[in-house]
Amino acid sequence: MSLQQISWKPYADTIVLLIGERTAEQIKIHVGAAMKDLDNPPDDMPVNGRDLVTGIPKQIMVSYQEIAEALDKSIFKIEEAILKALETTPPELAADIYKRGLYITGGGSLLRGLDKRLSQKIKLQVHVAEDPLKSVVRGTGIALKNYSNFPFIMR
């Protein structure tokens, strides 16, 4: 999900701010959200960048609602990809998913409200994995150690 060039709706006619990758990551960490309505919203965050209209460095305050709006199309694509994957899921796995729900991992799973938004869209429970930043690596290690139990991985 890229935030490097952001147009904030309240200022869409006047402010288009160019920011760096590190700033985009900090925005996602501090005020990133997948929904505009959160139970425990973060405080607004000051963001420094270059105004693409004037070319002058500028600081603006951004809210989680603005970031949720900026990320909406990217999150919609994630929702669609999940629905497409579920359509082709084998029946045994589909039954397990129905009982246990989906688990999301990685840094994106930490986006506030992503689990709730996905759950509303796919009508299944969605959980953030325990230690989502390391869970993929840990799972890959387990699969490689027990390769004989997972031969389909290396096809």
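Where a number appears in this text, it was derived from the coordinates with a stated rule and is not lab data. Note that the coordinates shown come from a computational prediction; the quantities given were computed from them, not determined experimentally. Cβ atoms come from the backbone with ideal geometry, glycine included; neighbour counts cover every protein chain shown.
Here's how it looks for Val53: its modeled amide H is under 5 Å from those of Val16, which are all 5 or more places away or on a different chain.
Between helix 21-31 and the chain there is an angle of about 80 degrees, using the helix long axis and the longest principal axis of the Cα atoms. Residues whose amide H comes within less than 5 Å of that of Val128, counting only those at least five positions distant or on another chain, are Ile104 (H built at 1.01 Å from N in the peptide plane). Backbone geometry of the stretch 57-72 corresponds, through the Karplus equation with coefficients 6.51, -1.76 and 1.60 at θ = phi - 60°, to 3J(HN,Hα) couplings of x, 8, 10, 10, 9, 10, 10, 5, 5, 5, 5, 4, 5, 5, 8, 4 Hz, x marking Gly and Pro.
Label zone (Glu25, point 7 Å along Cα-to-C-beta; backbone nitrogen cut-off 17 Å) within the stretch 82-110: 106-110.
Relative to the longest principal axis of the Cα atoms of the chain, helix 91-100 runs at roughly 60 degrees. Picking from Glu79, Glu25, Glu130, which is most flexible by a Gaussian network model of the chain using Cα springs under 10 Å? Highest fluctuation of the listed residues: Glu130. Listed values for the stretch 73-85 are Karplus-derived 3J(HN,Hα) couplings in whole Hz (6.51 cos²θ - 1.76 cosθ + 1.60, θ = phi - 60°), namely 5, 5, 5, 4, 5, 5, 4, 5, 5, 5, 4, 5, 5, and x replaces Gly and Pro.
Calculation over all alpha carbon pairs of the chain in 5 angstrom steps from 0 returns a P(r) of 2, 8, 14, 17, 17, 13, 10, 8, 5, 3, 2, 0, 0 percent. For the stretch 133-144, the Karplus equation 6.51 cos²θ - 1.76 cosθ + 1.60, evaluated at θ = phi - 60°, returns couplings of 6, 10, 5, 5, 5, 4, x, 4, x, 5, 4, 5 Hz by residue, with Gly and Pro reported as x.
Each residue, Thr89 and Glu69, gets one label point 7 Å from its Cα in the Cβ direction; the gap between the two is 3.3 nm. Comparing Leu93, Leu17, Leu38 in a Gaussian network model of the chain, where Cα atoms under 10 Å apart are tied by springs, the biggest mean-square fluctuation is seen for Leu93. Result for the chain in a Gaussian network model with C-alpha springs under 10 Å: among Thr54, Thr23, Thr88, the largest mean-square fluctuation is at Thr88. Restricting attention to the stretch 62-155, which chymotrypsin sites (Phe, Trp or Tyr not before Pro) occupy a DSSP loop and are surrounded by at most 14 other Cβ atoms within 10 Å? Qualifying residues, ordered by number: none.
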